[in-house]
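Before any comments, here is the structure.
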Amino acid sequence: NIKNETVLEIEDLGVSFDGFKAVDGFNFYLTRNHVHVIIGPNGAGKTTVLDLICGKTRATSGSIKFRNKEIRGKREYRIVREGIGRKFQNPSIYENLTVFENLEISHPAGRGVIGCLLFRRTPEILERCRSVAEEIGLLELMDTEAGILSHGQKQWLEIGMLLMQEPEIIMLDEPVAGMSVKERAATAELIRKISMNRSVMVIEHDMEFVREIADRVTVMHLGKILAEGSMDAVSNDPKVIEVYIGH
Ligand code: ADP
């Protein structure tokens, strides 16, 4: 069943920084159409796990298989091309370009120096920008300068820029940080929507928001996995309760 296919399979992943094990024995699988949230106290290793998957940090042990192919050790830009897109906390949109232009320059056809030079606005690219703008709820604001968008709209635009690359996995780092209640609700809806036919991995601190979006949750603590399962299962796990009360 393609719907429940495992897109990412991680075994015994680990990294040490000067002998300090920031991530240790990390086992994980990501299912298509699922939103999988990683939670855990500060310093648990959540960001490092995403860094390892997207090739920003090199693992010292383990394996990362994307669609059954080993990607551990590949360069960051190669992993993006394979279909894993990452959004960081601070948006990297171009403030003086319009919403449309931000989406357009994110199209894979414009990649690299050659891509940039040869880039032509084709009907396909226009259509793709429109459909992504619609998906992120910014269709009406296509010609608006990105710099004057609200905080939430900027975050959605950046998600749209990732979607332009047609990734299979989207990784989001604290997507609702600094958002209003209304923006958070819209973001929850957007995350649910983009997980259809794709997989989404999220790092999040806000438990109420995690409950809204997560199909599965992995709890990390001190570089290791403490618990894994549905939000209900992990939030009733005594080990998890102890760590959260301890903080
Ligand atoms: P989280 O995202 O859960 O807050 P991180 O993954 O950022 O945790 O960090 C896990 C641990 O690894 C922390 O103790 C952090 O100081 C350490 N760490 C992360 N990256 C590096 C690095 N490049 N060099 C040294 N230590 C690091």
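The values are calculated or read from the model by the stated rules, or taken from the named source; none is laboratory data. Just so you know, these numbers come straight off a predicted model, no measurement behind them. Here Cβ is always computed from backbone atoms with ideal geometry, including for glycine, and neighbour counts include all displayed protein chains.
With 64, 38 as the choices, which residue is assigned to a strand (DSSP E or B), within 10 Å of the ligand (Cβ to nearest atom) and of a type in the set (Val, Ile, Thr)?
Of 64, 38, the one residue that is assigned to a strand (DSSP E or B), within 10 Å of the ligand (Cβ to nearest atom) and of a type in the set (Val, Ile, Thr) is 38.
Considering only residues that are part of a loop (DSSP other than H, G, I, E, B) and more than 7 Å from the ligand (Cβ to nearest atom), which ones fall in the range 42-61? Spell out the reasoning first.
The first filter runs over the range 42-61 and keeps only residues part of a loop (DSSP other than H, G, I, E, B), leaving 42-45, 54-60.
Across the range 42-61, the qualifying residues are 54, 55, 56, 58, 59, 60.
Can you go through 227, 188 and tell me which one is within 16 Å of the ligand (Cβ to nearest atom), within 22 Å of residue 50 (Cα to Cα), outside any loop (DSSP other than H, G, I, E, B) and among the small types (Gly, Ala, Ser)?
On the way: 188 fails: within 16 Å of the ligand (Cβ to nearest atom).
Sole residue among the options that is within 16 Å of the ligand (Cβ to nearest atom), within 22 Å of residue 50 (Cα to Cα), outside any loop (DSSP other than H, G, I, E, B) and among the small types (Gly, Ala, Ser): 227.
With the requirement that a residue be within 12 Å of the ligand (Cβ to nearest atom) and either acidic (Asp, Glu) or closer than 12 Å to residue 225 by Cβ (or both), what does the range 15-35 give you?
18, 23, 24, 26 - these are the residues of the range 15-35 that are within 12 Å of the ligand (Cβ to nearest atom) and either acidic (Asp, Glu) or closer than 12 Å to residue 225 by Cβ (or both).
Determine which single condition residue 70 fails, assuming it passes every other condition in (1) acidic (Asp, Glu); (2) modelled with pLDDT of 95 or more; (3) within 16 Å of the ligand (Cβ to nearest atom).
That leaves (3) as the condition not met.
Just to be sure, is residue 74 farther than 28 Å from residue 239 by Cα, of a type outside the set (Gly, Ala, Ser) and over 16 Å from the mean Cα position of the chain (by Cα)?
Yes.
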